[in-house]
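Take a look at the structure below.
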Amino acid sequence: MGRRATGLTRRGWGAFAGAIVLLIFAYVLGNEQLLFVACLLGALVGLSFLLVRFRSPSLTAARRFDVDVVSVGSPVTVSIEVSNNTAGRSASAEWRDRLPWPPETTEAAKLRSLPSARYTAAGVTRLEYALHPPRRGIVEIGPATIERVDPFGIARNDSVLGEARQLIVAPRVTDLSGSGFSLAGGDGAVRASRRNAAGNNDDLMTREYRRGDALRRVHWRATARRGDLMVRQEEESSFPTARLIVDTRSSGYPGGGADAFEWALGMVASLGVHLVGAGFLLQLRETGPAQLVAPVEAGGGTGHDIDFLTSLASASLLPESVGAPSAASADLDLHGPIFAVLARPSAETLRWISSQRARHEHGVALVIDAPGSEALEALTRAGWQCLSVSVTDDPAEVWAAALDEDAAGNDVRARERFGDSDGAR
């Protein structure tokens, strides 16, 4: 048990005030019976105060969560294992856990009387409750507070139980795999881009067939020309690659833009998990100084990369003076499809984002709450597939719209189908 605070309940203060009033009347009226009652009432208040102050049990607690990282709105089970380390039995009490959001504590719940943990396993109990974090961030849950009241309800003792523990609340990760389009299917988008750039499959580098090569890699024209079985040399690349850009400069979200920024981070989280889960090597770039860590694995198939989601949980909008688009993370020089999530970027930021896409690469820009905006028009002219989205849109529906050539009439407008080459424009 940590720091303690002992005081009187409302009943206790009423009893104390009654004792004072009776004492005054006893002296004024010279009534010994009133004096006796006043002393008895005062002694009861004092005894109750001392009882809860010095007879509080020594309890310890260990806290854990059932997951290390939780998405906004998703449930996480908080478990607190409480042990009675005194030789005697503890009194029953009420407990609350401290929260970083309103109402700032959980509802009061009963903590049963515990025998000594020195002599029996029954001296240890587990307190549990389900928590649904309403906001993104790295927050502290706890410590718990134990409230113990004497049998007469006159005095109370509040004790801090255990320590707080950090919980990582990442943006909501939406499953995008139900779109009906597999990014990792076939040769991969980056390889398609290379074929588009080359213009003719015959121009691709080839090599002789080796045992174990997939038949889908056979280059039949080269095979016919050489007389030996030939496969595409470009298939030696292990992973298709993609890039993901997010605007993190405060100038890109006028008026605070908190809702737009939160939606952007949620879309980045969903896209990052989906792309990496589909087998892509992903580069993550920001328009301000680097805060985010690119996902490198799909968490053993669960789609949760801890470092990636942790960086998203702590990300914030950065002022104009702390960085420029040129300071964005660019540790890898990757090519392939490129995705951008932005709202109302400055002209400087817009120019930088537009320059990240090469002519042969497919680019998708998700522009938040900006129908007819400069960003939407400029990126469309630059050859990007642009969608105007709202902070109320479901990321899964936005992703489906990006793949749906018939979605142009919807609130989320897809201007061309994902995967079309620039030569089709």
TODO: Ignoring everything but the protein chains, give the 1.4 Å probe accessible area of I20 in square angstrom, nearest 10.
DONE: 80
- [ ] Would you tell me the accessible area of T145, worked out with a 1.4 angstrom probe on the heavy atoms of the protein chains, in Å² to the nearest 10?
- [x] 40
Task: Heavy-atom accessible area ranking, 1.4 Å probe, most first, across V82, V72 - done: V72, V82
Open item on the list: Heavy atoms only, 1.4 Å probe, whole protein assembly: order C39, C386 by accessible area, highest first.
Closed with: C39, C386
- [ ] Only Lys, Arg, Asp and Glu count, each charged at its Cβ (+1, +1, -1, -1), so figure out the dipole size of segment 19-127 about its Cα centre, rounded to 20 debye.
- [x] 360
Task: Accessible-area order (highest first, 1.4 angstrom probe) of the listed residues Y119, Y129 - done: Y119, Y129
Open item on the list: Suppose R0 equals 35 Å. What FRET efficiency, 1/(1 + (r/R0)^6) with r the Cβ-Cβ distance, do E32 and R11 give to the nearest 0.05?
Closed with: 0.85
Open item on the list: Counting heavy atoms of the protein chains only and a 1.4 Å probe, report the per residue accessible area for segment 50-115 as a whole number of Å².
Closed with: 52
Task: Gyration tensor verdict on segment 11-58 (Cα atoms; rounded if a/c is under 1.5, prolate if a/b is larger than b/c, oblate otherwise) - done: prolate
Task: Label-point separation in nm, R4 to A164, each point 7 Å along Cα→Cβ - done: 2.4
- [ ] Would you check the accessible area of T105, probe 1.4 Å, heavy atoms only, in square angstrom rounded to 10?
- [x] 60
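The values are calculated or read from the model by the stated rules, or taken from the named source; none is laboratory data. Remember, it's a predicted structure, so these values are computed and weren't measured experimentally. Neighbour counts are summed over all protein chains in view; Cβ atoms, including those assigned to glycine, are modelled from backbone coordinates with ideal geometry. To get the accessible areas, we keep the full protein, side chains included, count just its heavy atoms, and leave off ligands, DNA and RNA. Shrake-Rupley method; radii C 1.70, N 1.55, O 1.52, S 1.80 Å.
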